[in-house]
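**Q** Here you go, one structure.
Throughout, read-outs are computed from the coordinates displayed, never taken from laboratory work. Note that the structure is predicted; figures quoted are calculated from it, not measured. Every residue, glycine as well, gets a Cβ built from its backbone with ideal geometry; the counts of neighbours run over all protein chains shown.
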Ligand code: HEM
């Protein structure tokens, strides 16, 4: 391979990594900012209102959830960069083992706990409660399956389960896109449309994750 084709390949790798990182971090921006705002409000002992009573009275689950989500979505984005991963596999393993699996488990467990025990607004009805139970449980299961796969050195399966777990968590980011425009155009939804908008965020991510997993498998089969 010539020096110039090596340089082209190198610059394509850098661009691909930058594109993936920018996309994932952009997706997590708004829920992360909302989370930072909520933690700040709790830390500052803000006045209790109808919108924040559950968070102010029982802050631990939501604070754990938000810190876990910041670590999982922010640091997690860098696990999916092919060039960074191949050059710094030690970092990939360290971050996965000591930061991302614990943070992901904290996000899913605290999400399940809040689903069960928080007095959520009436618009978050039974349908959304069932969806959150399903998403939290699946995210936990995918993380466990991802860890089991890497322990038996099945990297293809590890990749698939970790992409699925991350995609479910990032539903929080896609939900900004599936709710905000409709709220801006038509005002606050009723219980049914709230469920449709929230589930759409998770479903879109599940479909995108499956496409990415299949493309990766197809690329490996050709190589
Ligand atoms: C990285 C992914 C996630 C991020 C960034 C995120 C972010 C947040 C934030 C910022 C809040 C506080 C909302 C507020 O202050 O009004 C929250 C609440 C909550 N999240 Fe997540 N979340 C994520 C994943 C999940 C998952 C996977 C579940 C599934 C069980 C979940 C379930 C919940 C529940 C039940 C609440 C409380 C809702 C309420 O009481 O209104 N979250 N999340």
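**Q** Would you mind calculating the relative contact order of the chain from Cα pairs under 8 angstrom and at least 6 residues apart, reporting the percent as a whole number?
**A** Details: 198 pairs, mean separation 43.2, N = 223.
Normalised by residue count, the contact order of the chain is 19 percent.
**Q** Now a separate question. Where does helix 126-151 land angle-wise versus the long Cα axis of the chain, in degrees 0 to 90, nearest 10?
**A** Approximately 30 degrees, to the nearest 10.
**Q** Sticking with this structure for a sec: Inverting the mean 1/r over all pairs of different Cα atoms, compute the Kirkwood radius of the chain and quote it in Å.
**A** Numbers: mean 1/r = 0.0528 Å⁻¹.
With all distinct Cα pairs of the chain included, I get 18.9 Å.
**Q** Here is a further query. Multiply the residue gap between residue 157 and residue 192 by 0.36 nm, knock off their C-alpha separation, and tell me the result in nm, one decimal place. List each step's numbers first, then the result.
**A** Numbers: separation 35, 0.36 × 35 = 12.60 nm, distance 3.60 nm.
Between residue 157 and residue 192, full extension yields an extra 9.0 nm.
**Q** Based on DSSP H runs of at least 4 residues, each adding -39500 (n - 2.57), what is the mean residue ellipticity at 222 nm of the chain after dividing by all its residues, to the nearest 500 deg cm²/dmol? Write down the numbers at each step before the final one.
**A** Working: 10 runs with 183 residues, N = 223.
Dividing the helical sum by the residues of the chain leaves -28000 deg cm²/dmol.
**Q** In degrees between 0 and 90, to the nearest 10, how far off the longest principal axis of the chain does helix 59-76 point, with axes built from Cα atoms?
**A** Once rounded, one gets 20 degrees.
**Q** Taking only the alpha carbons of the stretch 52-149, what extent do you get along each of the three principal axes, in Å, biggest first?
**A** Here the spans come out as 49, 25, 19 Å, largest first.
**Q** Let me ask something else. Show log10 I(q)/I(0) for the stretch 1-120 at q = 0.12, 0.15, 0.17, 0.23 Å⁻¹, two decimals, from a solvent-free Debye sum over equal Cα scatterers.
**A** Summing over Cα pairs of the stretch 1-120 leads to -0.57, -0.77, -0.89, -1.25.
**Q** Right, here's the next one. Once each part is reduced to its C-alpha centroid, what is the distance from the stretch 102-119 to the stretch 130-147 in angstrom?
**A** The stretch 102-119 and the stretch 130-147 have Cα centres spaced 11 Å from each other.
**Q** Any chance you could give the angle, 0 to 90 degrees and rounded to 10, that helix 3-44 forms with the longest Cα principal axis of the chain?
**A** Value to nearest ten degrees: 20.
**Q** Could you please rank 178, 137, placing first whichever residue has the fewest other Cβ atoms within 10 Å of its Cβ?
**A** Values: 178 18, 137 13.
The order, fewest Cβ neighbours first, is 137, 178.
**Q** Using the beta-carbon distance between residue 134 and residue 214 and R0 = 30 Å, what value does 1/(1 + (r/R0)^6) give for FRET efficiency, to the nearest 0.05? Present the calculation step by step, with values, prior to reporting the outcome.
**A** Details: r = 23 Å, r/R0 = 0.75.
My answer for the efficiency is 0.85.
**Q** Now, a different point. How big is the stretch 121-223 by the Kirkwood estimate over distinct Cα pairs, in Å?
**A** Result for the stretch 121-223 stands at 15.0 Å.
**Q** Okay, moving on. Once the Cβ-Cβ distance between residue 145 and residue 222 is put in as r, and R0 is 22 Å, what FRET efficiency do you end up with, to the nearest 0.05? Display every interim value, and only then the final one.
**A** Working: r = 26 Å, r/R0 = 1.17.
That pair, residue 145 with residue 222, gives E of 0.30.
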